[in-house]
Every structure is written in structure tokens, then in C-alpha cells.
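Taking it in order: structure first as C-alpha cells, then the write-up.
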Amino acid sequence: MDKHEHYYHRADLGRFGEIGNTAGPLAEKFFAWYGAVFADGALSAREKSIIALAVAHAVQCPYCIDAYSKDALEKGSDLDQMTEAVHVAAAIRGGASLVHGIQMRNTVNKIGM
Amino acid sequence: MGRHLPTLHERREPLAAAAVQLQRLHALALPRELDACLAEAGHQPLLATKVEVLQLNVGKRCNQTCRHCHVDAGPDRTEVMPHDVLVRCLELLDHSVIPTVDITGGAPELHPEFRWLVEEVHRRGRHVIDRCNLTILETGPYHDLPGFFAEHEVEVVCSLPHYRATNTDAQRGDGVFATSLRALRRLNEVGYGIGDPKRRLVVVSNPVGAFLPPNQRSLEAEWKRELRRLHGIEFDALYCITNMPISRYLEWLESTGNLSAYMDRLVAAFNPSAVGGVMCRTTLSVGWDGTLYDCDFNQMLEMPIIGPRHTIHEVDLDALAHRTIAVDRHCFGCTAGAGSSCGGSTT
């Protein structure tokens, strides 16, 4: 059996940099930009970290959830704040589905009697 | 108030012994050794610059038993700095220009001669720092301390892991957050925390878990805004301090399976530019029995200053000013990330 028994492996997060082994200049640009994105700016590093945590849940990336759960703590958030951020992500995902119900209603109204 | 966790000492845990703590740290396979890291930073050996702070650990007795305590302090501890050691510390001030005396513990206010010590240091024109757990100010005999602090221009450096309750009570005991807020309000009432340099109020945050502290410069404005918005409390500065992998925090790291990953995190986060500002370079730490140390952490690991004259009774300040600092693996705690010291980050 392939040593990769699962699609996701915790250790792979630490190997993220290997993506630059091919198309290195593109990876360099990405990682430099990535680092700059999360620096203190108009938003604090803590605020950016908790946005990242929410987005990680929206895109359901296990690497990002692992990384930004730790990062949010290290940036000074507590579990209550992090949980509320995940609810924001879930609300937007849920709302995005539900608001399409209007499209459904438009279609039904057009062809229904 | 809340849960009482017995100290390692009270439970007669082997980990109560400094030698056992060092053994546990030495048993770990670390990705890098401290000496190599210090050499990379241009600080091998690590040298003191001058003594700017005389830090007195006046005893291990405390009204709290916080889970992360590096002193293993608690109500059962009986170590108290005797009068002759206090007198010798004051004599050292008389024969030096050390500008600051930093009083810590335990809860230093529990020392029977605490107020006398503060009065004597203040009378000598030296700046006094009290490392306060806040809840002691809400305890009967100590209720008037905010006024006493204000009268003697004591800088109050107090512990509050977060501006919200959850983390504080998890680390320091049930109900500690609410009690701490009451103490902070009373400090505000006597003029602390509103920008008066003679009534300086500093809040110290330690991580509640196995992770590094946040950047204090990044968070200070938010803490000020949120403590004011949520609780109507003012303060002057935020220090974010890394938890040292010793004593009760070491026990917690081991018992939760976090020790190896935490040490790896500290080593990976070694910051060469954080080394220059570590507190041991400008601090002389005095233990309750008069033994001299480079810092309070070395004190708890029973690693006295290097050299033959290592008690307050035989101190030679000129020799100590540029001494070689005793270091070990726990020092990775002070050199990680933004660096950590009794004055918060070092970068």
C-alpha cells in the first residue's frame, strides 16, 4: 500500500516550502506576499489571524485550520473569539446557500402557475 | 475563591526538585542547542552589561496556585526572606546606584516586612516594582495596599492573561478574573493606569497553554480599548511574557504531552536579535535565603551566579557587572519570538 494512506498528512504542512522546488520564483513571490499580508497594518496581526482562521474553516483546509488555530492563540485570541469567528464563516457559508433560494423562487415563479 | 491546586512541593512530586526539572529538559532531543544559537547571535558566552535591577524574591508563599507558576508558589510554602537578608539588600543599595528594586514572590505582599521594605527602598530614592497577582489586593489585610502603593510611587506589574474571563480563570483559578478586575478598578481609583509615571500600572499576559505569547506592541492598543470598553479599566502598558518550561508549567507540559513540541517551538522561534535584551544581562536576582542568581528562573532551578561569591553577604557588584550568565535549555523561553523578560518582549 502507498505510504500515503490518507489524502491529508499533518507533516505535509511543514513541507509547504517544497512547492518552490519547481517554479521557484513564483513560490518566492507567493511567500513574500503571504508574509506581508499578515503583518500589522490597518488591521492588527491578531485580527488578520482570526480572519484567516475563519476563512480556513470556510475553505475547509485542515492545514490552515491547524496552523491558524495555533496562530490565533499566539496572536492573543481566546477560544470564545475563535469560536465566534468560525460561526461567522459558517453563517456566510449557510447564508450563501440560503440566499440562492431566491434564485430558486425566481425560477419557480417564472415557470409555475 | 476557586480551585486550589496543590503545589508540587505539597504533593511531594519528584518534579519539585530543580535537578529533576533540568534532567527532564536535558532528556529531550532538541533540533539545536542553546550554545550554538547564542554563538550565532554573537552572545556566546552570554555576558551581563551592568546591574540595573535588583530583583528580590522575598518568598514562595502565595494566595494562588496558578497552573503555570515557575516558582511552585502556593499557600503551603513557608520560605520567607529573613530580616538580615533584607537589610543586606538595602545596604547594597546604599553602596551602589542600582536604580530599581523589583519585588517578587510568591505574592510578595504576604511577606511580613513587605511594607517596611517598600518604605526603605522608596526612602532611598529608588524605583520600586511590585509584581502583584491582583487578588491579594482583595484579601482582608491587604485591601489598603493600592493607597500604600500610590503613596510610595510603586510601579504595579500585575498578572492578567487576557482581557476576557475564560483564559484567566483557566490559568489562575475560578473567580480570579472577576477579583482581578475589582483590584484593577481600585488601582485606577487611586490614580494608577492613566499615564502618571508615579502611578504606573502594567498588565502582564502569559499564554494559557503550550504556545508563544502575542506581540505586545501589536496588542497593547487593543487591550487598552477592550479593557476600557468591557470593564471600564485603564492601564499604562502591556507585557507579554513567555511561559518557562520549568516547575508547574513543566509538569503541565509533560502531563498533556506538549513538552517536546513546546520546546521545539521555542527552539524554532529562537530570535538572535532578542538575546541582547534578555533581563539577566541587567538584573541581579536575590533568593529568599540571600543566594544570588542571574534571574528568577535560574533561581527556581537552583543555578546561582557563576563564581565563588554568590550570596548577598559577599556580593561584589564590580565583578558582577560583566559576569558570565549561567544558561541552560530553559533559556530558550526568553529568546523565542519577540523575546521575553520581566519587562515583556526584548525586541
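The values are calculated or read from the model by the stated rules, or taken from the named source; none is laboratory data. As the structure is a prediction and not an experimental result, all values here were calculated from the model. As a convention, Cβ positions derive from the backbone with ideal geometry for all residues, glycine included, and neighbour counts pool all protein chains shown.
A few remarks follow.
- For segment B:222-235, a residue qualifies if it is more than 7 Å from chain A (Cβ to nearest Cβ) and part of a helix (DSSP H, G or I), and the qualifying residues are B:223, B:224, B:225, B:226, B:227, B:228, B:229, B:230, B:231.
- Residue satisfying condition, being touching a helix residue (DSSP H, G or I) at 6+ places or on another chain (Cβ under 6 Å) and either closer than 29 Å to residue B:216 by Cα or in the same structural domain as residue A:66 (by TED's automatic domain parsing) (or both), within set A:38, A:16: A:38
- The set of residues in segment A:29-46 being of a type in the set (D, E, K, R), over 16 Å from residue A:67 (Cα atoms) and part of a helix (DSSP H, G or I) consists of A:29 alone.
- The set of residues in segment B:200-221 that are at the interface with chain A (Cβ under 8 Å from one of its Cβ atoms), under 16 Å from residue B:339 (Cα atoms) and assigned to a loop (DSSP other than H, G, I, E, B) comprises B:207, B:211, B:212, B:213, B:214, B:215.
- Taken together, the residues in segment B:26-57 that are part of a helix (DSSP H, G or I) and either surrounded by 19 or more Cβ atoms within 10 Å (Cβ to Cβ) or touching a strand residue (DSSP E or B) at 6+ places or on another chain (Cβ under 9 Å) (or both) amount to 4.
- Among the residues of segment B:76-119, those that are surrounded by fewer than 22 Cβ atoms within 10 Å (Cβ to Cβ), of a type in the set (D, E, K, R) and under 26 Å from residue B:159 (Cα atoms) comprise B:76, B:77, B:79, B:113, B:115, B:119.
- Failed condition for residue B:169, given (1) farther than 20 Å from residue B:222 by Cα; (2) among the charged types (D, E, K, R); (3) more than 16 Å from the chain's Cα centre (by Cα); (4) away from chain A (no Cβ under 14 Å): (4)
- One residue stands out in segment A:39-63 among those that are more than 11 Å from chain B (Cβ to nearest Cβ) and within 27 Å of residue B:345 (Cα to Cα): the one that is surrounded by the most Cβ atoms within 10 Å (Cβ to Cβ), namely A:53.
- Hey, residue A:32 more than 14 Å from every other protein chain (Cβ to nearest Cβ), surrounded by fewer than 17 Cβ atoms within 10 Å (Cβ to Cβ) and more than 23 Å from residue B:170 (Cα to Cα) or not: yes
- Taking the numbered list (1) more than 20 Å from residue B:71 (Cα to Cα); (2) assigned to a loop (DSSP other than H, G, I, E, B); (3) acidic (Asp, Glu) in turn, residue B:264 passes all entries but (2).
- Each residue in segment B:79-128 was checked for being in contact with a Lys or Arg (Cβ under 8 Å, 6 or more places away or on another chain) and β-branched (Val, Ile, Thr), and 6 of them qualify.
- Of residues in segment B:299-347 being more than 20 Å from the chain's Cα centre (by Cα) and among the charged types (D, E, K, R), the one surrounded by the fewest Cβ atoms within 10 Å (Cβ to Cβ): B:318
- Extreme residue, nearest to the other protein chains (Cβ to nearest Cβ), among residues of segment B:172-196 that are of a type outside the set (Gly, Ala, Ser) and under 21 Å from the mean Cα position of the chain (by Cα): B:177
- Any hit, segment A:77-97, residues being of a type outside the set (Lys, Arg), within 14 Å of another protein chain (Cβ to nearest Cβ) and not in a helix (DSSP H, G or I): yes
- When restricted to residues that are closer than 27 Å to residue B:154 by Cβ and away from chain A (no Cβ under 14 Å), segment B:236-247 contains 4.
- Contacts under 7 angstrom Cβ, first residue in segment B:161-177 being in a loop (DSSP other than H, G, I, E, B) and at pLDDT 90 or above, partner surrounded by fewer than 18 Cβ atoms within 10 Å (Cβ to Cβ) and of a type outside the set (Ser, Thr, Tyr), 6 or more apart: B:163/B:226; B:163/B:230
- Segment B:58-84, residues that are in a loop (DSSP other than H, G, I, E, B), over 20 Å from residue B:290 (Cβ atoms) and more than 14 Å from the chain's Cα centre (by Cα): B:63, B:64, B:65, B:67, B:75, B:76
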